[in-house]
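Colleague: Dropping the structure in here first, questions after.
Every number in this text was worked out from the coordinates using simple rules, so none of it is lab data. Since the structure is predicted, the reported quantities are computational estimates derived from the model, not experimental observations. Because the Cβ atoms are built from the backbone with ideal geometry, glycine has one as well, and the counts that use them run over all protein chains shown.
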Amino acid sequence: MTGGKRKYYTLRQIAERFGGEVVGDGGVRLQQVATLEKAGPGNIAFLANERYLPQLKTTRAAAVIVGEAARGATALPRLVCTNPYACFARVSAFLNPLAPARAGIHRTAVLGKSAELGRGVEIGAHVVIGTGARIGAGSVIGAGCFIGNGAAIGAGTRVFPNVTVYHGCLIGQRVVLHSGVVIGADGFGMAMEEGRWLKVPQIGRVVIGNDVEIGANTTVDRGAMDDTLIEDGVKLDNHIQVGHNVRIGAHTAIAACTGISGSAIIGRYCRIGGMSGIAGHVAIADHVDISAHTMITKSIHKPGTYTSLYPFETHREWRRNAAQLRHLHALAERVRALEKKLSGAERRKS
Amino acid sequence: MTGGKRKYYTLRQIAERFGGEVVGDGGVRLQQVATLEKAGPGNIAFLANERYLPQLKTTRAAAVIVGEAARGATALPRLVCTNPYACFARVSAFLNPLAPARAGIHRTAVLGKSAELGRGVEIGAHVVIGTGARIGAGSVIGAGCFIGNGAAIGAGTRVFPNVTVYHGCLIGQRVVLHSGVVIGADGFGMAMEEGRWLKVPQIGRVVIGNDVEIGANTTVDRGAMDDTLIEDGVKLDNHIQVGHNVRIGAHTAIAACTGISGSAIIGRYCRIGGMSGIAGHVAIADHVDISAHTMITKSIHKPGTYTSLYPFETHREWRRNAAQLRHLHALAERVRALEKKLSGAERRKS
Amino acid sequence: MTGGKRKYYTLRQIAERFGGEVVGDGGVRLQQVATLEKAGPGNIAFLANERYLPQLKTTRAAAVIVGEAARGATALPRLVCTNPYACFARVSAFLNPLAPARAGIHRTAVLGKSAELGRGVEIGAHVVIGTGARIGAGSVIGAGCFIGNGAAIGAGTRVFPNVTVYHGCLIGQRVVLHSGVVIGADGFGMAMEEGRWLKVPQIGRVVIGNDVEIGANTTVDRGAMDDTLIEDGVKLDNHIQVGHNVRIGAHTAIAACTGISGSAIIGRYCRIGGMSGIAGHVAIADHVDISAHTMITKSIHKPGTYTSLYPFETHREWRRNAAQLRHLHALAERVRALEKKLSGAERRKS
């Protein structure tokens, strides 16, 4: 995070690196990002949502990153750019560089036969690397991780402590796996025979592309026969379950606690809200947005936003309304009967 | 998965082991299972669902396993049997045998006093086995696992890396625990007193029967006073929460991300869909199926399928319809008023 | 649980320690708590809910803890008190004391430079403590835990095996973290730029107060810029996701599998049911109860109970009723049309 004295950059220096137009004093010195609310001297904040305009008026930030529309909304030194949140992300990454891998293998780590480690790899304490596993150059394997036999991890990948990667799984470059992630556990496959479940061996792998990030305690099951696939640039939050033979298209982002059942196929550039569910064998087109807490039970062929959510109420109101749900079909029938009667009455009159 | 040359078997040899009637060339040589879609030479595929009949027509598998109904649906060499998916599971397990335990204790493992290890046990790197814990013959305890004081694990059980079993818990034979599983953490029990929560000690255990499989990152809490019980043959997927004093009947299967609250009792041979919830102290009969994303708030006494799910729509349609839910009780009242009026009008006319 | 001979106490001795009025034989000897149903000689049970009155009639407990209302409902020796469940919690904690920390650092543990350990700290096998991390007096760090650089854990805290605490996070006194917990992983923050997600560095921390308990496999993400805050006395069950910059007020209790999105603010003394969800940036007042499986999509300003749940039915009934949901707006329109017609007809008549 921190340690040591932070370096300062002027707003002008930052604009030279990341683009954007400097308005006001380009010589203001900056060393860290902050929220509009908490910023102080040396901090650069950002405005990406009009909702926070009141905070822009009162912020004590030394400088701010804003879009064109807010160019005149402050007198502070500012960087005006087309995508202020992305610009902010770049500035923050510049001011908060990741610690580089500290090349070396901790003395307590256990390496299997013929495991291959790329140049500059950092292997933490109590790590276990299986037979024939490969770790790409510059990758960091955190303390307590288990990388199974024959698994492969690309260059520049960060695996935080206590992650488990089962045998044979393939993970790309510049991937981030947070603590508690489990890649390649058996999918949930079994056949019922004479009152007993028979396990169906799960012989596929998990194959993960480049630039993927996977949040804490998320699980991705290995394929039953073919592989489970997570394409480039996918971002998974915490506590997500990805079933066997799922395929998640490139640059799709999925929020926490979502469950994706086996063999579901999710398109590219989808955004899926938290606590949502995708049924097995369903296919979802590219550019589909799914609201939080929504269960998708059949395929979606068109881009758009989809929702299934019972809206919350006070418990008392909910009880009265929800009770009627059990009679909704009957209610519709009664309305139909009324309509018939009334139109019959009108016909008789005319 | 494998490495080394795979062994070949003829379809006839497979039929001799697993039953079923050979139709066509029984001499065809097979070494691995595959899906109808991806199969090639040396592969045996299966058809258990009519939905995949078109794939049966085009598959390049060397042989297929089919049911009676599909006996004539292909010209490929085939094994005709009554339960093709179960037959396939057996064939796959035969072609993909689990690596046997490699007897021995890794030099980095830490064993408590008077821990007892059965014959042929494999203890992985960085494992910790508590005082008085027992591990049954032929079991494998993967790297980084923690088995608490006095816990016991039966013979032939596989515990994948980074599993935690708390003190005193009992796990049966031929059980599979996937990575990240936590067995025996404290249940969620506390009493409110003068604005503070007092912890209620959780002094029960978790007792797990034989042939149970538990998926990655699933948690089973220890009982408050009595034990939490998981009977023989239960299959739990990933990310499931089993609260204290729950009892899950034999051969019940539960899909991922389901939450089971304290003291719920679930029958035998139930099938519970993913992301569903079972309220505390509820009892569910044998042979109950619960749909995905369904919340069971009271006991179920009869077998059958139960569902609670707001069906998904486009967000625009959902907004219009869901808004009416807040007025559903009032709507029903209005329909009742209309019915009254109209029947009054009719009575006046007659 | 225990081993060794248990010590006996008379009911009178227990009343002297914990208050309450002894009715009947105060000399009865007690050594363990039990449920009314399973209790036997030497056991003290409790009744806190009238639902279990029939069990009070048949229990074989040696003594019971009851409230005023049940004072006369049994002839057994009893402790009558105002809050029987809290009294029971205290008695159980007395009869089942936590094993004290066994001061010492396991030989396999790895300590970073300038890590500070308080007096009497127990560091388990294969633990990794980062540079500059601090562990307070009497705390226990279970086997396989990772405590990141600069993290701090207060006195008297118990961290069960295989927990991960990222760098810089602060954890209070007398906290309990169960196995699989991950504190301080990156929040889910990213900006879309030209078809690629840019990571927003997560530079805040997690700050956890005193007397907090966090269940197995729960995750609490570090803040994006400011900190994620969990105040004193909060109790989190298993499998909960706490997003970045969330703030959970003191003494709030949250049941398992709940997801709390980024920047949500939850008040004090809230009780949140299992599998519920809180949307991002929402604020919830003090003393709000949220039912299980409920999604809170906007702020709640008043205490009370709130619910959103489609009630379960047999699948057949559900299909008929849920199908009407898609036409609910239209149904309301039809009722309005009927009302208009009918009042028009009445006007014409009059």
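Colleague: Hey, for A:Ala103 with labels 7 Å out along Cα-Cβ, what do the inter-copy distances come to in nm, ordered shortest first?
Modeller: Nearest first, the other copies' label points are 4.4, 4.4 nm away.
Colleague: Which residue, C:Asn162, B:Asn162, B:Ala345, has the largest displacement toward the positive end of the dipole of the protein assembly as shown when charges sit on each Cβ (Lys, Arg +1; Asp, Glu -1)?
Modeller: About the Cα centre, the residue reaching furthest to the positive side is B:Ala345.
Colleague: Need one word for chain A: rounded, prolate or oblate. Basis is the Cα gyration tensor (sqrt eigenvalues a ≥ b ≥ c); a/c below 1.5 gives rounded, then a/b vs b/c decides.
Modeller: Oblate, since a/c reaches 1.5 and b/c is not below a/b.
Colleague: Assuming R0 = 45 Å, what is the FRET efficiency of B:Leu53 and A:Ser343, from their Cβ-Cβ distance, to the nearest 0.05?
Modeller: Calculated transfer efficiency: 0.40.
Colleague: Over chain B, with a Gaussian network built from C-alpha contacts below 10 Å, which listed residue (B:Lys235, B:Lys57, B:Lys302) shows the highest mean-square fluctuation?
Modeller: Looking only at B:Lys235, B:Lys57, B:Lys302, the largest GNM fluctuation is found for B:Lys57.
Colleague: Under 30 Å Cα to Cα from C:Lys38, which lysines show up? Leave out anything in the same chain fewer than 8 places away.
Modeller: Within the straight-line cut-off, C:Lys38 pairs with B:Lys199, B:Lys235, B:Lys298, B:Lys302, C:Lys5, C:Lys7, C:Lys57, C:Lys235.
Colleague: Now, a different point. Express the relative contact order of segment A:50-107 as a whole percentage, based on alpha carbon pairs under 8 Å and six or more residues apart in sequence.
Modeller: The value is 26 percent.
Colleague: Give me A:Tyr166, A:Tyr9, C:Tyr306 sorted ascending by neighbouring Cβ count inside 10 Å, so fewest comes first.
Modeller: Ranking A:Tyr166, A:Tyr9, C:Tyr306 by Cβ neighbours within 10 Å, fewest first, gives A:Tyr9, C:Tyr306, A:Tyr166.
Colleague: Relative to the other copies, what are the label-point distances for A:Ser343, with labels 7 Å from Cα along the C-beta vector, expressed in nm at one decimal and sorted shortest first?
Modeller: In nanometres, ordered from closest: 2.3, 2.3.
Colleague: Also, quick follow-up: So which lysines can B:Lys340 reach, going by Cα to Cα under 30 Å and dropping same-chain residues fewer than 8 places off?
Modeller: Hits, sequence-local ones excluded: A:Lys340, A:Lys341, A:Lys349, B:Lys349, C:Lys340, C:Lys341, C:Lys349.
Colleague: So how far apart, in nm, are the two label points at C:Ala93 and A:Arg29 if each is 7 Å from Cα heading toward Cβ?
Modeller: Label-label distance for C:Ala93 and A:Arg29, simple model: 5.2 nm.
Colleague: For label points placed 7 Å from Cα toward Cβ, what is the shortest-first list of nm distances from A:Thr131 to its copies?
Modeller: Those label-point separations list as 3.8, 3.8 nm.
Colleague: Could you work out how far apart the two model spin labels at A:Gln13 and A:Ala69 are, taking each label as a point 7 Å from the Cα in the direction of the beta carbon, and quote it in nm?
Modeller: For the pair A:Gln13/A:Ala69, the computed spacing is 3.3 nm.
Colleague: Separate question: For segment C:11-35 and segment C:60-126, write down the distance between their C-alpha centroids in whole Å.
Modeller: Computed from Cα coordinates, the inter-centre distance equals 17 Å.
Colleague: Here's something else I'd like to know. Explain nothing, just the number: dipole magnitude of the protein assembly as shown about its Cα centre with +1 on each Lys and Arg Cβ and -1 on each Asp and Glu Cβ, in debye rounded to the nearest 20.
Modeller: 1860
Colleague: Next question. Is the shape of the protein assembly as shown best called rounded, prolate or oblate, per the rule: a/c under 1.5 gives rounded, else a/b larger than b/c gives prolate, else oblate, with a ≥ b ≥ c the square roots of the Cα gyration tensor eigenvalues?
Modeller: Cα axes put the protein assembly as shown in the rounded bin.
Colleague: How much of the DSSP bridge set in the protein assembly as shown is antiparallel, in percent, rounded to the nearest 5?
Modeller: Within the protein assembly as shown, antiparallel bridges account for around 15 percent of the total.
Colleague: Okay, moving on. Of all DSSP beta bridges located in segment C:16-147, what percent are antiparallel, nearest 5?
Modeller: If I count the DSSP bridges inside segment C:16-147, around 15 percent turn out antiparallel.
Colleague: Take peptide A:27-36, look around each residue's Cβ out to 10 angstrom, count Cβ atoms belonging to other protein chains, and average those counts.
Modeller: Counting Cβ atoms of other protein chains within 10 Å of each residue's Cβ and averaging gives 2.
Colleague: Return A:Thr59, C:Thr58 ranked ascending by Cβ neighbour count within 10 Å, so the fewest neighbours appear first.
Modeller: The order, fewest Cβ neighbours first, is C:Thr58, A:Thr59.
Colleague: Can you list residues whose amide H is under 5 Å from B:Ile296's amide H, if they're 5+ apart or on another chain and H is modeled 1.01 Å from N?
Modeller: B:Gly277, B:Ile278, B:Ala279
Colleague: Quick one: of the DSSP bridges fully inside segment A:104-306, what percent are antiparallel, nearest 5?
Modeller: Once the DSSP bridges in segment A:104-306 are tallied, antiparallel ones form about 5 percent.
Colleague: Can you find, among B:Ile105, B:Ile300, B:Gly204, the residue farthest towards the positive end of the dipole of chain B? Put +1 on the C-beta of Lys and Arg, -1 on that of Asp and Glu.
Modeller: B:Ile300
Colleague: Of the options A:Leu117, A:Thr74, A:Ile230, report the single residue whose Cα projects farthest towards the positive end of the charge dipole of chain A (beta-carbon charges: Lys, Arg +1; Asp, Glu -1).
Modeller: A:Thr74
Colleague: Same structure, new question: Rounded, prolate or oblate: which fits segment A:221-350 when a ≥ b ≥ c are the square roots of the eigenvalues of the alpha-carbon gyration tensor, with rounded for a/c under 1.5 and prolate only if a/b beats b/c?
Modeller: prolate
Colleague: Sorting C:Ser179, C:Ser261, C:Ser299 on the 10 Å Cβ count, fewest up front, what's the list?
Modeller: Lowest to highest Cβ neighbour count: C:Ser299, C:Ser261, C:Ser179.
Colleague: Magnitude of the Cβ-charge dipole of chain B, K/R +1 and D/E -1, about the Cα centre, nearest 20 debye?
Modeller: It comes to approximately 940 debye.
Colleague: Percent relative contact order of segment B:104-306, based on C-alpha pairs within less than 8 angstrom and at least six residues apart?
Modeller: 10
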